[in-house]
Amino acid sequence: MPLEDDCCDILKKARAGLGLSADDVSQKAGLPDGVLTALERGEPARDRAVLLALANVLGLRGEPLAQIAIDKWEPLAQRQSAWIETVHGSIGGYGVQGYIVHDEGEALLIDTAYNATAMIEALDKRNLRLVGICLTHGHADHAEGIDHILTYREAPVYLGPDDIDLLNWKPRADLLTVPVDGYVIKVGSRMVHCLTTPGHTPGGICYRVDDPTQPVCFVGDTVFAGSIGRSNPSRLYATHLESVRTGLFALSPNYRLLPGHGPATTVAEELEHNSFVTIE
């Protein structure tokens, strides 16, 4: 699976988050007008020195940016845990994935993958009892279809309070649970820990499972392999970076990170290859 973000996406997200124009960045980097604009439009990056200069102005780590743009880094393929099932969907041809955490006949959905039908089919195929729907955030490609799923079986819906207004369809108040940081959701014998990570959206939440052999964290659009999601609104950019640095990247390096788009990665790989966050 290719990376969700390439060089042009990373540059645009960083520049937008800082509120800088392309001319501002080019001038500060000592580069001719048009170089950054061309890269942001998808022109292949060939000059490492140019990328390092842009990264310095944009507060990015230059070598990880160059590794993605020039060296074509991709995270190592990860073995899927037997207690996790990935469900794929598409919104206008744009791929999205959700997950099912299952144990002892119970199941917890992590986002809807914009594919409620496939989620329900997976539950039926494994004869699983739905005990909850965890939404990483309120955007349609991750939350659309909860009405269909709740018609199939009613269960609590977990979502950050600041994202409720993003939902196109809202569950009944008695089904909606607003978890605080550290809130624990039980599925079978497993415990899913809520980690508040505002930035991609105001009410973003990641969901952590401390499995002894393969711990995982479902990160939605908070982090992608080598990148982060777009900060919505852009004024949340600094908050977003802080959520990633002190929340996700503070986890043990062996944690597997399962995003809503693009390939899985690990904390260890992101500490080495993610352009956005410098760990102190």
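Numbers at a glance
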| quantity | calculated |
| --- | --- |
| Amide H partners (placed H, <5 Å) of ALA225, local residues excluded | GLU4 |
| Relative contact order (percent, whole number), the stretch 210-256, Cα cutoff 8 Å, 6+ residue spacing | 51 percent |
| Principal-axis tilt of helix 48-58 within the chain, Cα atoms, nearest 10 degrees | 70 degrees |
| Relative contact order (%) - criterion: Cα under 8 Å, at least six apart; region: the chain | 18 percent |
| Partners for LYS12 among aspartates and glutamates (Cα-Cα distance below 17 Å; same-chain residues under 8 apart left out) | GLU4, ASP23, ASP24, ASP33, GLU40, GLU43, ASP221 |
| Computed lengthening from GLU104 to VAL184, 0.36 nm per intervening residue step minus Cα-Cα distance | 27.1 nm |
| Rounded if a/c under 1.5, otherwise prolate or oblate - the chain, Cα gyration tensor axes | prolate |
| Nonlocal amide H pairs with VAL157, under 5 Å, H built at 1.01 Å | ILE133, LEU176, THR177 |
| Helix 7-18 axis, angle to the chain major axis (alpha carbon atoms, nearest 10°) | 90 degrees |
| Contour excess over end-to-end distance, with Cα ends at TYR94 and ILE164 and 0.36 nm allotted per residue | 22.9 nm |
| Sequence-distant aspartates and glutamates (8 or more away, or on other chains) whose Cα lies within less than 12 Å of LYS186 | ASP103, GLU104, GLU106 |
| Centroid-to-centroid separation of the stretch 151-215 and the stretch 84-101 [C-alpha atoms, Å] | 17 Å |
| Karplus (6.51, -1.76, 1.60) ³J(HN,Hα), θ = phi - 60°, over the stretch 95-105, in Hz, Gly and Pro reported as x | x, 9, 10, x, 9, 10, 9, 9, 6, 6, x |
| Where labels lie 7 Å past Cα in the beta-carbon direction, separation of GLU63 and ARG41 in nm | 3.3 nm |
| Net charge, VAL216 excluded, C-beta distance under 12 Å - Lys, Arg +1, Asp, Glu -1 | +2 |
| Prolate/oblate/rounded label for the stretch 7-69 (Cα gyration tensor, a/c 1.5) | rounded |
| Cα gyration tensor category, rounded, prolate or oblate, for the stretch 220-280 with a/c compared to 1.5 | oblate |
| Cα→Cβ-extended label distance, 7 Å offset, between ASP147 and THR86, nm | 3.0 nm |
| Mean ellipticity per residue at 222 nm, deg cm²/dmol - from DSSP H runs of n ≥ 4 across the chain, formula -39500 (n - 2.57) | -8000 deg cm²/dmol |
| Dipole moment magnitude, nearest 20 debye, the stretch 1-120 about Cα centre, only Lys, Arg, Asp, Glu C-beta charged | 440 debye |
| Amide H contacts of THR265 (H built 1.01 Å from N, under 5 Å, at least 5 apart or other chain) | LEU257 |
| Potential lengthening between GLU272 and ALA77 on full extension [0.36 nm per residue; Cα-Cα distance subtracted] | 68.6 nm |
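Quick note: the coordinates plus some simple rules give every number you see, no bench work behind them. It should be emphasised that the depicted structure is a prediction, and the values quoted were computed from it without experimental measurement. Please note: Cβ atoms are built from the backbone with ideal geometry, for glycine as well, and neighbour counts cover all protein chains shown.
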